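Below is one structure, written out as structure tokens; the observations come after it.
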Amino acid sequence: MSPEHGAAVAEALTRYIFPNDLHVHWSLMIVLYPYITGIVAGAFIVSSLYHVFHIRALKPISRYSLIFALAFLACATMPLLNHLGHPERALNMMLTPSPTSAMAGFGYIYSAYGIVLLMEILFIYRPTLVALKEKAGGFMRGLYTILTMGSDNLSPRALALDRKVIAFLAGIGIPMACTLHGYVGFIFGGVKANPLWATPLMPVIFLLSACVSGIAGIILSYVLIRKFTGKPVDMECIRTCIKFLWGFFILDFVFEMLELFSHAYMATHHWHTLRELLWGPLFGSYWIAQVGIFSVIPFFMLGWLSLVRLRDTTVRFWGSVASFMILVQVLLMRWNVVIGGQLMSKSERGATYYHPGWFEKEGIIPSIIIMIMPLIILYILSRIFPLWQTDEAAAGEETLG
Amino acid sequence: MMDMDALQQEINRDRRAFIKKVLRGTIAGSLLLVIPAGAMDLAGVPEQIPGMRDETGPFITGKKFAFVVDITRCIGCGSCCVADRNEYQVPEGNYRTWVERYIIDDHDNVYVDSPNGGLDGYQEPRTDIPYPVRDTFFVPKLCNMCEKPSCVQVCPVGATFQTEDGFVLIDQKRCVACGYCVQACPYSVRFINPKTKTADKCTWCYHRVRKGLLPACVNVCPVQARKFGDLNDHESEVYKILHLPHVVSVLKPDMGNKPSLHYVGLRREVV
């Protein structure tokens, strides 16, 4: 046996994973969970840029982004419930929570955020809903009565009060949206046994990627919905969104790389495991897909779209392409963190594999269904809450938001 | 020297005694099936953990249990794994305990394997090692019963809990099978049981310990590589091992979990 051959055989044979580590417990469902909550948090940030920070250009999508956030929020627990071995006991997390658990807070944070989001929507839409109620009959009238909380009062004094409530809700909504997703990052970042997850930067990276995915989701869906409904796209709004997307993505991508660089530079014994993972089973999904194709390319595209004066059609098309790529980047990032982290055995000697099946309970088809659900809910919500202010202007209604 | 007849007689006498014992056992066993378990009389079974039968309260008091694995003794027979599987009917592919085989060659490469968790024992030597073998040993693994268990910390519903006497247990009626404890355990001793759809792991045979019996794996180990006892009992073997100058260590000490599972002769290659 030649020395090289011997070394190669030895290298291959020294891999060992603990027998219980063969199975990856957190499946595609747990990839989708932070993906969906991230989109929720990010979409809310877009709305807040208008409602709290008064970025006027974002007015056309300020309401839409809230409805968009609500549609995704409604589906955030679906992958979790599908994942649990005993979903019928899920509410125990809120009824008998263990105070030391990083996971036990989710129900409370999620519900509290859901209430704030819903209340903000109801207050912003109240004048619209009152007007719609007057025109509606039967079931829809009853629904609008509930949604307007029984108040038809549109006097200047009532609207001024509404504005105060909206400002307050949007104000506390920002830290809550940040908490929601920073906290999801902490669920992973707090697992000391997993060297890929256990970093204080995890909540930061999750939060920034959440902002990025939310803005990208809003841009892409706004352009597509407007196109398919034959309505014009507000180009100033899109250009502003693209600038924000670029800005947040710079932070997001830089932090992702800094995190890796810090690991590499400190080179603790964990780095040995991480390096084997990132240059082994994750090479394709991390270096080639997440970093190479879906980070670097949209990074330059967004810079080009933000800095160079381009024609509207160019911005609309390439802005949508870049947004789509960013959405893929964030999904890949979730995959590489959630699945990648579990591929490493705690034996520190090898990695397992994970290929989701199409039809298994937590496989690809259920994932696709779960990702389509928010879009269906968005459609249903759009029947109740007009998505665009221009629709209302046409109907001659007073707008608040 | 004993002649053949005498030897045969001896064997026959042993055989008769053996059959008698089996019959007695069968009758006693059948009785156990008809008598309610609560009324089970352990009077005939010797107490293996001194003082345990005096414990009457819901929690064991005044005891501090420790588990010691002596790596220098383990022969990799897999009896412990068989006993464990029989005790708990663990579904295939999941392991409450397992035995690893370590081989170190003269190039300092470390080869570890644990086919079927060592359940079938290590009857054949490895022939695929490219260099001459320098050293080899077995390492049994089980729940570390941490003093600061990360599984208990992360469980969102309190299904995984720590008893006052230091055992880390799982309430199967509360567990939602979120899998957070599986992720949090640095030792990978946990799994989601496909039958019960709840988290599962080694309990150091809490149900046996409560009745004054040793854990099943300790009971069957033919070379006493697995030891269990009360550290407050200064006559116990585990107390003596941990308090006399031995090479004793725990797994992944920098995790800060403070395991109550100690290893005699632990090697630096072991993770």
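Read-outs: derived from the displayed coordinates by stated rules, not from any lab. Just so you know, these numbers come straight off a predicted model, no measurement behind them. Neighbour counts run over all protein chains shown; Cβ positions are idealised from the backbone, glycine included.
Can we say A:L201 is in contact with an Asp or Glu (Cβ under 6 Å, 6 or more places away or on another chain) and either within 14 Å of chain B (Cβ to nearest Cβ) or within 30 Å of A:H269 (Cβ to Cβ) (or both)? It is true that A:L201 is in contact with an Asp or Glu (Cβ under 6 Å, 6 or more places away or on another chain) and either within 14 Å of chain B (Cβ to nearest Cβ) or within 30 Å of A:H269 (Cβ to Cβ) (or both). Residues that are within 23 Å of the chain's Cα centre (by Cα) and not in a loop (DSSP other than H, G, I, E, B) do occur in region A:95-107, at least one of them. So, in region A:316-356, exactly how many residues are within 14 Å of chain B (Cβ to nearest Cβ) and part of a helix (DSSP H, G or I)? Final tally of qualifying residues: 7. Filtered by the rule that a residue be within 14 Å of chain B (Cβ to nearest Cβ) and over 20 Å from the mean Cα position of the chain (by Cα), region A:357-382 gives A:E360, A:K361.
Of the residues A:F206, A:F188, A:F244, A:F255, which single one is touching a residue at least 24 places away in the same chain (Cβ under 8 Å) and within 14 Å of chain B (Cβ to nearest Cβ)? Residue meeting the stated conditions: A:F188.
Do we find that B:I71 is in contact (Cβ under 8 Å) with a residue 12 or more places away in the chain and more than 17 Å from the chain's Cα centre (by Cα) in this structure? Against the criterion (in contact (Cβ under 8 Å) with a residue 12 or more places away in the chain and more than 17 Å from the chain's Cα centre (by Cα)), B:I71 does not qualify. When the test is whether a residue is free of Cβ contacts under 8 Å to residues at least 24 places away in the same chain, over 26 Å from A:W287 (Cα atoms), charged (D, E, K, R) and surrounded by fewer than 23 Cβ atoms within 10 Å (Cβ to Cβ), A:K231 does not pass it. Of the residues that make up region A:72-79, is at least one at the interface with chain B (Cβ under 9 Å from one of its Cβ atoms), part of a loop (DSSP other than H, G, I, E, B) and not charged (D, E, K, R)? Within region A:72-79, not a single residue is at the interface with chain B (Cβ under 9 Å from one of its Cβ atoms), part of a loop (DSSP other than H, G, I, E, B) and not charged (D, E, K, R). Listed by first and then second residue, the pairs with beta-carbon distance under 9 Å, at least 6 apart or on different chains, first residue in region A:81-94 and more than 8 Å from every other protein chain (Cβ to nearest Cβ), second of a type in the set (D, E, K, R) and part of a loop (DSSP other than H, G, I, E, B), are A:N82/A:K361; A:N82/A:E362.
For every residue, the table says whether it meets (1) assigned to a helix (DSSP H, G or I); (2) out of contact with any His (no Cβ under 8 Å at 6 or more places or on another chain).
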{"residue": "A:K227", "(1), (2)": "yes, yes"}
{"residue": "A:L245", "(1), (2)": "yes, yes"}
{"residue": "A:F248", "(1), (2)": "yes, yes"}
{"residue": "A:L274", "(1), (2)": "yes, no"}
{"residue": "A:G280", "(1), (2)": "no, yes"}
{"residue": "A:V291", "(1), (2)": "yes, yes"}
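For region A:1-34, a residue qualifies if it is exposed (fewer than 15 other Cβ atoms within 10 Å of the Cβ) and facing chain B (nearest Cβ under 7 Å), and exactly one does: A:M1.
Inspect region A:5-27 for any residue being within 21 Å of the chain's Cα centre (by Cα) and in contact (Cβ under 8 Å) with a residue 60 or more places away in the chain and give the result as yes or no. Checked region A:5-27: at least one residue is within 21 Å of the chain's Cα centre (by Cα) and in contact (Cβ under 8 Å) with a residue 60 or more places away in the chain.
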